[in-house]
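Right, one structure below, let's go through it.
The values are calculated or read from the model by the stated rules, or taken from the named source; none is laboratory data. Remember, it's a predicted structure, so these values are computed and weren't measured experimentally. Here the Cβ positions follow ideal geometry from the backbone for every residue, glycine too, while neighbour counts run over all protein chains shown. All accessible areas refer to the heavy atoms of the entire protein, side chains included, with ligands and DNA or RNA removed. Shrake-Rupley method; radii C 1.70, N 1.55, O 1.52, S 1.80 Å.
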Amino acid sequence: MKLSLPVLALVFATGFPLAASAQQSSAAENGPPPEVHAQMQQARDNAKTAAFNDLSAADRAKVQAVIDAVNNGQQTDLRAAAQQIDAALTPAETTAVLAERTKMIAAIRADIAAMPNAPQGGPQGGPPPGARAHTASAGRFLLMLGVSREKMRELRHAQQPQAPTKPQ
């Protein structure tokens, strides 16, 4: 949190505790309150259960094999893994999985909108300005639900282009 000199003077003049201001700022930066986070996690868990239930047993096994390969490090290309999953699904399964994605997004948006001081989204409730837009993919969604968050973070970080270093 960066305060200008006039703001600092006002804070000290009014006796407003700076620590309380800093705590509120850091809480807002660290995400939603625990109860909203729990509701968002419940929406994700419900979507995972429903999406996997939308698959035939054979296709569920194929999807799980790809997810397991990503989780254990055998598959490190998330785009290729999503394409493998998309190729394994029938059109009806793809439609059903994407419907679960839509329900989950709507539930999470509702949870966020119910928060005090809720962040504003982009136009018509879309992503905030500057957010990356992705084409909806059942494979990508199933990967997001099935791959551990730690592994997903690790792979996304590894796939980001590295900034060139300056020669010294």
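Of all residues in region 22-44, those that are of a type in the set (A, V, I, L, M) and at pLDDT below 65 total 3. Considering only residues that are open to solvent by 90 Å² or more (accessible area, probe 1.4 Å) and not charged (D, E, K, R), look in region 102-132 and name the one that is modelled with the lowest pLDDT. Checking each candidate, the answer is P123. Here is the figure for region 45-73: residues that are assigned to a helix (DSSP H, G or I), farther than 19 Å from I108 by Cβ and open to solvent by 30 Å² or more (accessible area, probe 1.4 Å) total 10.
Restricting attention to region 71-101, the residues that are at pLDDT below 95 and hydroxyl-bearing (S, T, Y) total 1.
Table: residues versus (1) more than 29 Å from P33 (Cα to Cα); (2) under 20 Å from the mean Cα position of the chain (by Cα).
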position	(1), (2)
L55	yes, no
A65	yes, no
A80	yes, yes
V97	no, yes
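Scanning region 76-91 for residues that are crowded, with 19+ Cβ neighbours inside 10 Å and either of a type in the set (F, W, Y) or not in a helix (DSSP H, G or I) (or both) turns up just one, L89.
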